[in-house]
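Just below is one structure, and these are the notes that go with it.
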Amino acid sequence: MGDEWDSALRKLTREHPKEDHLTYITDRMRSDIDDRACALVVTSLAEMMLQIALTHFLGIRGEKAVRKIFYTFGPLSTLDAKIVMCSSTGIIGPVTTSNLEVVKKIRNVFAHAIIEITFEAPAVQRACNRLKITKSTAAMELAEGRSRNRHTFCFACNDVYETIFSLMLANFPFGDFLSRKLLDHPILP
């Protein structure tokens, strides 16, 4: 009974956004949300998609198994562990792995810095300069009033989110696609 509040909080972190939530989040990323919230939310979206890819690729079935593996102190409960596993299994390639390592470090700064932090901080700018953006996202226009660094960061995360999400919508089973695709090359560069 005393753990109900704790369970309810953990459940919130596992809840996947619905389509209307995603539209709302995307709109906010382009508008008034502050840099700290932006960094945390878009990284969470990318992390969620890494988890979905791993769940399908590893054949993890059932909510209890997902909880034990991906939440609390499970072996894949951290963003770092998900990046390592996705890279090790070939789900993501070296460019995406490098991008996600940078994203993780920037996210951690926004999550733990007590001082006011923005994408314009010199250290954050240098980190964002290390992100490699694909042609598909490079063509997307910079949101008015937003920094190039924030734009680059958001689209590095968006690459992961949109690529995996689009594979989920494909006409064939996602797990089968990952198994076939891994024989040739990663689903993300």
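Every number in this text was worked out from the coordinates using simple rules, so none of it is lab data. Keep in mind that what you see is a predicted model, and the values were worked out from it rather than measured. Methodologically, a virtual Cβ is constructed for each residue, glycine included, from the backbone with ideal geometry; neighbour enumeration extends over all protein chains shown.
Simple spin-label estimate for residue 3 and residue 115 gives 4.1 nm between the two label positions (7 Å along the Cα-to-Cβ direction from each Cα).
Per-residue Karplus couplings for the stretch 85-93, computed as 6.51 cos²θ - 1.76 cosθ + 1.60 with θ equal to phi - 60°, are listed in order as 5, 5, 5, 5, 8, x, 5, 10, x Hz, Gly and Pro entered as x. Taking other Cβ atoms within 10 Å as a rough exposure proxy, 92, 52 sort from fewest to most as 52, 92. The stretch between residue 108 and residue 67 holds 12.5 nm of extra length on full extension. This uses 0.36 nm per residue minus the Cα-Cα distance.
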